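The values are calculated or read from the model by the stated rules, or taken from the named source; none is laboratory data. Everything quoted here is computed from the prediction, not taken from an experiment. Reconstructed Cβ throughout: ideal geometry from the backbone, glycine too, with neighbour counts over all protein chains shown. Note: areas computed on protein heavy atoms with side chains; ligands, DNA, RNA excluded. Shrake-Rupley method; radii C 1.70, N 1.55, O 1.52, S 1.80 Å.
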Amino acid sequence: MVKICCIGAGYVGGPTMAVIALKCPSIEVAVVDISKSRIAAWNSDQLPIYEPGLDGVVKQCRGKNLFFSTDVEKHVYEADIVFVSVNTPTKTRGLGAGKAADLTYWESAARMIADVSKSDKIVVEKSTVPVKTAEAIEKILTHNGKGIKFQILSNPEFLAEGTAIEDLFKPDRVLIGGRETPEGQKSIQTLKNVYAHWVPEERILTTNLWSAELSKLAANAFLAQRISSVNAMSALCEATGANVTQVSYAVGTDTRIGPKFLNASVGFGGSCFQKDILNLVYICECNGLPEVAEYWKQVIKINDYQKSRFVNRVVSSMFNTVATKKIAILGFAFKKDTGDTRETPAIDVCKGLLGDKARLSIYDPQVTEDQIQRDLWMNKFDWDHPIHLQPTSPTTEKKVSVVWDAYEATKDADGVCILTEWDEFKTLDYQKVYDNMRKPAFVFDGRNIVDVDKLREIGFIVYSIGKPLDPWLKDMPAVA
Ligand SMILES: NC(=O)c1ccc[n+]([C@@H]2O[C@H](COP(=O)([O-])OP(=O)(O)OC[C@H]3O[C@@H](n4cnc5c(N)ncnc54)[C@H](O)[C@@H]3O)[C@@H](O)[C@H]2O)c1
Ligand SMILES: O=c1ccn([C@@H]2O[C@H](COP(=O)(O)OP(=O)(O)O[C@H]3O[C@H](CO)[C@@H](O)[C@H](O)[C@H]3O)[C@@H](O)[C@H]2O)c(=O)[nH]1
């Protein structure tokens, strides 16, 4: 029986391995992590991450051919294929701080693999890593491996949170990069055989190692660039009276461009886009390509601009101050159908409003109060380290309350900011919300999900990203 071990039981390691176990009953899969609480949660009824469809997959395989364990060394020792899916956060100190990927967790995993291995293994990069990481990992393994042969493969993951199970069941493609040697090609074939249990052959792409590593960074850069492009257009729409939804539709019907990923928003979030673009920027700079670095940096700059533009809209609309005003924040996760808050635009928007002394009442159906308080207190980039290494919030922020109902959040509020596109915010009884708010009552829709005309009929003053401005807002420019 082929044995797989995955180091890192996070958003990628957990769902990916659960699907491999489901689709390949003849393979034994162990997912290991240094975080005891995370592994305990994977072994419980309350999984550590919220992902539609994940519970069912885990329940079908756990205890049969899918195991979650903190005994990292035992499972690595026994495995034929070791996936490494640990954090690769942005460096916060030293050379490349604020841009380069921090490979500390990766390196310690590689050293441990070399230490405990007694048989040849395929080591698979599942984490998103800088180009040429495989070379560094290879050196660590071969210099410490006591003659054991390791083949390194790059197999980046393209799942998106909220649709992870769907994405894993029907991936657009699976990408496997390896050495162009007979041993490298043989290892590629071994991994290909795993995915071939459910992924059609033509969707399994094989490349050299560097193409696979770079393709992952490139794909995320292209995706994020589309959002920054449409968000840049949203600012111009507001200035000219164009409607960004109509513009996106008109642009996206060109089959060369396509309709996906053209929704204007308060900004993209998530653990990947910013981190991976910063990493790409750093690699370009290190390779003497400052113009290319500058080009990609702009995607992040527009994203930051979009978030501060939103905050400025809120403040300028409400008579240029939100001090002591109650603002309801609907949605804190970086997108719907996840409880993940890493790099969520809600953090920057809330911090911006708190900077202007607002009182916030926050509601998100999947994010806990503890997480929200921690996020609002934490330094940038700390969020992507393992949970047990993150600082805990010292005191509860008095200006922030977290509630478990949208109506409670909006009660007596002066304004409402919609920051995540949860379906339930589309169907709220906005008349009831309006009746319970202070007047004038404002709605700032950072996700373009409300019916603007209907809300204006009720009496709200409404701002919706990239839509023709409410007469109230027209004379109140929000320069970021
Ligand atoms: N989150 C996503 O949607 C997504 C999608 C594609 C790729 N990625 C990439 O995958 C990688 C992992 O992302 P994630 O979101 O799953 O991160 P995560 O923080 O959810 O999980 C990583 C896990 O690795 C564990 N870990 C760290 N060092 C370890 C070690 N030495 N031994 C054992 N366990 C260790 C941590 O405790 C943590 O539980 C990153 O490189 C990320 O960029 C993420
Ligand atoms: O038209 C759009 C599409 C997305 N977003 C925002 O962009 C962010 C990222 O969304 P999404 O890409 O759907 O989620 P992620 O889980 O971050 O997935 C991205 O990052 C992963 C980690 O690398 C990759 O594996 C995925 O392919 C890639 O889509 C979220 O804040 C979304 O709200 C928009 O603002 N407008």
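A compact table of results
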item	result
For peptides 7-17, 359-369, 130-140, sequence by mean Cβ density within 10 Å, most packed first	7-17, 359-369, 130-140
Nearest-0.05 FRET efficiency for ASP423 and ARG456, computed from C-beta distance (R0 30 Å)	0.85
At least 24 Å along the helix axis (C-alpha) and Kyte average at least 0.5, DSSP helices within the chain	209-240
Ranked packing of 304-310, 81-87, 153-159, 69-75, most packed first, by mean Cβ within 10 Å	81-87, 153-159, 304-310, 69-75
Antiparallel DSSP beta bridges within the range 1-150, as percent of all bridges there, nearest 5	5 percent
Heavy-atom accessible area per residue - the chain, 1.4 Å, Å²	43 Å²
Simple Cβ-charge dipole of the range 194-254, Lys/Arg +1 and Asp/Glu -1, about Cα centre, in debye nearest 20	100 debye
Calculated [θ] (222 nm, deg cm²/dmol) that DSSP helices of n ≥ 4 give over the chain, each run adding -39,500 (n - 2.57)	-13000 deg cm²/dmol
Carbon plus sulfur fraction of accessible area for the range 196-252, probe 1.4 Å, in percent	63 percent
Computed E for LYS64/THR321 - FRET, C-beta separation, R0 56 angstrom, nearest 0.05	0.40
Prolate/oblate/rounded label for the range 286-373 (Cα gyration tensor, a/c 1.5)	oblate
Among beta bridges that DSSP assigns inside the chain, antiparallel share in %, nearest 5	5 percent
Ordering of 400-413, 194-207 by burial proxy (mean other Cβ atoms within 10 Å per residue, highest first)	400-413, 194-207
Amide proton proximity set for ASN448, modelled H, under 5 Å, gap of 5+	ILE465
Using a Förster distance of 35 Å, the FRET efficiency for SER44-GLU201 (Cβ separation, nearest 0.05)	0.40
Tensor-based shape of the range 197-284 (alpha-carbon gyration tensor, a/c under 1.5 rounded, otherwise prolate or oblate)	oblate
Charge context of LEU214, other residues only, Cβ under 14 angstrom, K/R +1, D/E -1	-2
Cα-based equivalent ellipsoid, the range 293-337: semi-axes from gyration tensor eigenvalues, Å	26, 17, 6
10 Å beta-carbon shell around VAL57, net charge (K/R +1, D/E -1)	+1
log10 of Debye I(q)/I(0), alpha-carbon scatterers only, for the range 221-334 at 0.23 Å⁻¹	-1.26
Projected label distance in nm at LYS170 and GLU291, using a 7 Å step from Cα toward the beta-carbon	4.2 nm
Global size of the chain as Cα Rg and Dmax, reported in angstrom	23.6, 75
Overall form of the range 412-480 per C-alpha gyration tensor (a/c, 1.5; a/b vs b/c)	oblate
Cβ-placed point charges (K, R +1; D, E -1), dipole of the chain about Cα centre in debye, nearest 20	480 debye
Debye log10 I(q)/I(0) for the range 136-199, one point scatterer per Cα, at q = 0.17 Å⁻¹	-0.71
Only Lys, Arg (+1) and Asp, Glu (-1) charged, at Cβ; the range 1-115 dipole about Cα centre in debye	220 debye
Label zone at TRP210 (point 7 Å along Cα-to-Cβ), backbone N below 11 Å, the range 93-130	none
